[in-house]
Each structure stands twice: as structure tokens, then as C-alpha cells.
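Read the structure below first, then the notes.
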Amino acid sequence: DQYNLGFQYQLMPEEGIFAGFKISADAYYNHVTDKIIAVPKGTGQYRWMMMNIGKVHINGLDISGNVASKNAEDADAFSYGLRIAYTYQRAMDMSDPSDNGPRGTYKGQISYIPRHSGSVIVNAGFHGWSACYSFIYVGERYHVSANIAENYEPSWYTHDMTVVKHIELHKVKLDITGELNNIFDQRYDVVLNYPMPGRNWKAILRIGW
């Protein structure tokens with residue numbers, strides 16, 4: 001059973017430098033029976049376990065907004081864009097009301113679902129150059145529905161940057177890309193025992209015609 005209430009507001013001015021502004025919000029409540037989730041098991045790679053949670057109640061809120069310039073499609077003009085998103089989600093294991101002790105799972109946040117998460121993405125372009133900055137945040141989580149200290153996973157976030165140069169030589173199109181990921185070299189695990197890379201970079205050359 002899913003219930004949703006939301007709104008969206010969009011402004012598209014005829015004059016000025018903005019192509020448009022949009023903000024949307026959705027509040028929802030889900031009642032799920034036999035929710036299937038996949039969680040990592042042990043320390044071995046590619047070992048995942050499917051779990052069936054009898055009853056799950058999910059309360060959530062999604063909010064997003066974005067703004068863009070009018071000339072975003074013109075590679076030779078200055079353009080920009082901004083998108084911000086935030087999610088609140090309370091996903092509770094409601095399977096067994098009797099399992100409500102100190103180590104119980106009743107009303108516990110289910111595996112790897114953060115209560116708070118969000119992102120910010122900024123992009124800009126000018127005369128064949130384009131750049132993009134992104135910030136991603138994932139709040140604290142738990143390995144299982146028993147929300148105790150030994151199952152706790154801390155929050156994590158990353159900052160990433162991409163710069164692209166577009167070149168056209170007769171009928172040949174070149175894209176030279178430089179990426180710098182996890183700029184501040186944060187150490188984090190998306191799931192238990194799967195550490196993610198620290199600061200890393202990548203160079204990419206694409207050729208088309």
C-alpha cells in the first residue's frame with residue numbers, strides 16, 4: 001500500500017538569464033509485506049544474501065530543486081546549472097512486535113537505509129569547456145534491523161570534480177575529460193567490508209565523427 005502527497009512549482013521567465021526554476025516535494029507512506037532486500041554476507045566478494053522482511057513501514061520525504069541558464073545547449077556561450085536534492089526516509093521493520101528488547105529488530109531502521117541523504121550538483125560551460133562538481137551525502141545506517149552500536153555504519157560523503165574540453169577538427173569530435181574523485185580522500189564503506197577508493201583521478205579521451 002502506497003500513499004503519496006506532493007507538489008511541484010516551476011517558473012519559466014521570458015526575460016533574464018534563467019531558463020527556468022523548479023522545486024518539487026513528495027511526502028509518502030508505504031506499507032510493504034514481504035519486502036525483499038539484498039545484504040552482503042561475510043568478507044568474500046560477490047557473496048550476497050537475500051532477506052525477506054515480513055512487514056515494513058516507510059515514511060519519507062523527497063525534496064529537490066534545480067535552476068538552469070537559457071543557453072545551456074550553446075557550447076560557445078556561458079551556461080550553468082544547479083540541482084539540490086534531499087531525502088528523509090524512516091523505514092521500520094514491523095515484523096515482530098515481541099522482538100522489542102535492547103537488541104530487538106522491532107521498529108528498527110532496516111539494513112543500509114539512511115534516514116538522511118542528499119546531493120548537490122553544479123555544472124558550468126563556456127566556449128567548448130564544461131565542468132561539473134558534485135557532493136553526495138549518505139547518513140548513518142545499520143547492517144541489520146537491530147539498531148545497536150555493533151551494527152552501526154557511520155555517514156559518508158564525497159566531493160567529485162569533472163572538467164571536459166570539447167574539440168572539433170573537421171568531422172572529428174574530441175572530448176578530453178579529467179576527473180578527480182573523492183577530493184578530500186575520505187575513507188568509507190558503502191556496505192560493511194567493502195571499502196571504497198580514496199582520492200583518485202582519471203583521464204579519458206573520446207573520439208567520434
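Listed values, structure above:
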item	result
Selection count where residues are over 30 Å from N151 (Cβ atoms), of a type in the set (A, V, I, L, M), out of contact with any Ser or Thr (no Cβ under 6 Å at 6 or more places or on another chain) and at pLDDT 90 or above, scope segment 63-122	4
Search result, residues across segment 133-172 that are acidic (D, E) and open to solvent by 40 Å² or more (accessible area, probe 1.4 Å)	E140, E150, E168
Subset of segment 123-143 (residues that are within 15 Å of I110 (Cα to Cα) and touching a Lys or Arg at 6+ places or on another chain (Cβ under 9 Å))	G139, E140, R141
Boolean, Y194 is surrounded by 16 or more Cβ atoms within 10 Å (Cβ to Cβ), under 21 Å from I113 (Cα atoms) and touching a residue at least 12 places away in the same chain (Cβ under 8 Å)	no
Residues that are without any contact (Cβ under 8 Å) to a residue 40 or more places away in the chain, open to solvent by 70 Å² or more (accessible area, probe 1.4 Å) and either touching an Asp or Glu at 6+ places or on another chain (Cβ under 8 Å) or within 17 Å of P40 (Cβ to Cβ) (or both), drawn from segment 111-132	R115
Residue list for segment 90-110, filter: open to solvent by less than 60 Å² (accessible area, probe 1.4 Å) and either under 30 Å from T162 (Cα atoms) or acidic (D, E) (or both)	D93, D99
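The values are calculated or read from the model by the stated rules, or taken from the named source; none is laboratory data. These numbers come from a predicted model, not from an experiment. Cβ sites come from the backbone with ideal geometry, for glycine too, and all protein chains shown count toward neighbours. Heads up: the accessible areas ignore ligands, DNA and RNA and are worked out on the full protein's heavy atoms, side chains in. Shrake-Rupley method; radii C 1.70, N 1.55, O 1.52, S 1.80 Å.
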